[in-house]
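Here's the structure, in structure tokens; my notes come after.
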Amino acid sequence: MSIRLKLSIGLIIIILVSNVILAAVMTIYVKKVYFTEVQTRVRLDLNSARIIYNNSIDQIEQVLKAISFRRRISLPIEQEVKKDLGIVLQNIYHESGMDFLTLVGPDGRVIYRAHNTLKNGDDISEMSIIKKALSDQNYTKGTMVVSQDYLNNESEKLARRAIINIEETPKARLISKEIENRGMIIAAVVPFLSLDTNDNEKMLGLLLGGYLLNNYFEIVDKIKSEAFQGQSYKGEDIGTATIFFDDLRISTNVKRKDNQRAIGSRMSSEVYDCVINQGKVWADRAFVVNNWYITSYEPILDPDNNIIGSLYVGLLEEPFKEPQKIIIVFFIIMVSISAIASLLLMFFYTRKLLKPIDNIIVMSEKVINGDLTARCCVQSAGEIGKLCNTINQMAEAIEQREKELQKTTQQQIIQSEKLASIGRLSAGIAHEINNPLTGVLTFAHLLKQKEHNSEKDLEDIDIIIRETTRVCEIVRGLLDFARQTPAQKGDINVNDILQQILKLIRRQKEFMNVAIEENYSNNIPIINGDKNQLQQVFLNILLNAGEAISKSGKITISTSSNENHILITIEDTGCGIKKEDLNKIFDPFYTSKPPGKGTGLGLSISYGIIQQHGGDIECESEPGKGTVFNILLPIKTRT
């Protein structure tokens, strides 16, 4: 791939990625701004809905207060009902439109129902709003849940209106209940008071009035009218309001697909958990019946501060996506035009910028084809000019080195042939050594099987067998240097190998005046490797260390580990290695020892063994102070 193509692709990717990121950020920002604005409007609409809802309760209270203020009772309340109070209550009931208007005695029993004159005498003192009014002897109002029995006492019509069939609703929580026959009411209670002979107020009874919210649409329609002013989108109301009993819609202007009010549908489980279970205000998008709305829900509490339902307002999400789409599409078009213009400018600019490189490529091809006299003739300022001069200098250097290479190639060929001959000779010698070693090993095994061998004799014979076997492995390693053979790996402990080697070399004369310090880590993990090959590596390094110490000195052997590797460090206080020789010590047949003292294969074979184990070996040395070999072996070497 040419540099022009790479540069073009890179710039194209940069431009496209930056524009895509810019478009994505802009899209997110526009959506966030619009969503925040709509949420703010919905929260304000919820405030309006709450005011309308509370005003409906306040209006009930005002009507009941007007009755109690205007009607002064002098007779027992039962007699007042028979006199003309009952007629007054019936007139107020019909004019106010309330669903129930009930006169309750101080003992909590119903004295008179303006909407059901034949039903009285039942005890409703446990109704929370009645209980609170009797306790405080004061005005009380709020929202409550009432049973089907209570509604039957009030009116069979109310009891029938309260019954709602529960529908399956997408995203709603699972319940087994199919019908809800309880009712949720808004109501107010005012006391009837009279003065006794000592001018003390005495409560003669209570007046209870209110509305059943089940299938009662005046409040939600008023919220929609005043808060949303009848706005619609594609024939669908933009704004909706709902009164929930628990999670059940009992009063709403949210429509189903058949354009009927979605009575009996339920709020989503996510909203239910926030509003009903946790008592928090929900202000976010939510799935309502069959569409997405930007919504706000707040809990509805009864007089005992129990959550019994929620008040909801919502704006259809779809109308607010249209302006977002227009802005986003316009922005994407502008970004696309900018990107295309940038790409065209980039094309012409890179073409002009990289034109001198074409000349360099032509010159380079000539050099590759053998014309070492070719030169770059571009005279340009800046980095391109420096590049041309550098390439010309490189061509001159190549031409000069080509001449020198021709002189040295013949010498290297002669040296290679010499090394090959030495390798073949070494392989032959190794084969010859194997024969007597096999005999020694065989007779050692036979000697071990003889009777009357002492424990010391058996120990010495085991050493002969083990070391003869190791010599065989060394010879095999010499052969493997020319032809790589797979290692016979198994689970081994590096500390054990080092300790076994030290038992052997401590007796040799090179180590008689050498102090050996062992610092083994107790947490060395078991690794997978060839025991004999690693013995050969450690033995080679230790023998070199012993030979490097002329009179007396010290060898320190340390092991440690981390998550991935084991580190074996062998440090001596010998004569050290010259700096210029450090890069050669692992080369085959390189040795600093006098003739007859070494072949130069020990460290090169050791290096190959460590490489086969997936590890590494490094050497640090300072002449006169000593040498340090660091051997790094991977813990996970299984294949």
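What is the fewest-to-most order of Ser560, Ser310, Ser621 by other Cβ atoms lying within 10 Å of their Cβ? All intermediate terms of the calculation are to be shown ahead of the outcome.
Values: Ser560 14, Ser310 24, Ser621 21.
Fewest-to-most ranking of Ser560, Ser310, Ser621: Ser560, Ser621, Ser310.
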At a 10 Å Cβ-Cβ cut-off, how would you order Leu85, Leu345, fewest neighbours first?
Leu345, Leu85
Packing-based order for 226-239, 247-260, using average beta carbon neighbours within 10 Å, highest first
247-260, 226-239
Please work out the C-alpha center-to-center distance from region 501-536 to region 328-359 and express it in whole Å.
67
Helix by helix, which DSSP H runs in the chain go 30 Å or more along their axis at the Cα atoms and have an average Kyte-Doolittle hydropathy of 0.0 or more?
3-70, 318-353, 455-482
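Classify region 165-315 as rounded, prolate or oblate, taking a ≥ b ≥ c as the square roots of the eigenvalues of its Cα gyration tensor: rounded when a/c is under 1.5, otherwise prolate if a/b is larger than b/c and oblate if not.
Numbers: a/c = 2.41, a/b = 1.95, b/c = 1.23.
Because a/c hits 1.5 or more and a/b exceeds b/c, region 165-315 counts as prolate.
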Compute the projected area of the convex hull of the Cα atoms of region 214-254, averaged over all viewing directions, and report it in nm² to one decimal place.
2.9
Both in Å, the radius of gyration and Dmax of the C-alpha trace of region 486-634 are 14.8, 44
So how long is each side of the chain along the principal axes, counting just the alpha-carbon atoms, biggest first, in Å?
143, 89, 46
Given 311-318, 285-292, the highest-first ranking by average Cβ count within 10 Å works out to 311-318, 285-292
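If we count other beta carbons within 10 Å of each Cβ, what is the order of Leu16, Leu502, Leu89, fewest first?
Leu16, Leu502, Leu89
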What is the pair-distance distribution P(r) of region 252-394, computed from all Cα-Cα distances in 5 Å bins starting at 0, with each bin given as a whole percent?
2, 8, 10, 10, 8, 6, 5, 4, 4, 4, 4, 4, 4, 5, 6, 6, 5, 3, 1, 0, 0
For region 537-588, the Rg and Dmax computed from alpha carbons only, in angstrom:
13.0, 40
For region 146-236, evaluate the Debye formula with one uniform point scatterer on each Cα (no solvent term) and list log10 I(q)/I(0) at q = 0.21, 0.24 Å⁻¹, rounded to two decimals.
-1.08, -1.15
Note on the chain: contact order normalised by length, alpha-carbon pairs under 8 Å, 6 or more apart, percent, works out to 9
Mean Cβ-within-10 Å packing, highest first, puts peptides 140-150, 570-580 in the order 140-150, 570-580
Among Val335, Leu353, Ile577, flag the residue with its Cα farthest along the positive direction of the charge dipole of the chain, charges on Cβ as +1 for Lys/Arg and -1 for Asp/Glu.
Leu353
DSSP beta bridges in the chain, what fraction antiparallel, as a percent rounded to 5?
95
Can you tell me what percent of all Cα-Cα pairs in region 14-341 are more than 36 Å apart?
34
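Readers should treat all values here as calculations from the given coordinates under stated rules, not as data from a laboratory. These numbers come from a predicted model, not from an experiment. Because the Cβ atoms are built from the backbone with ideal geometry, glycine has one as well, and the counts that use them run over all protein chains shown.
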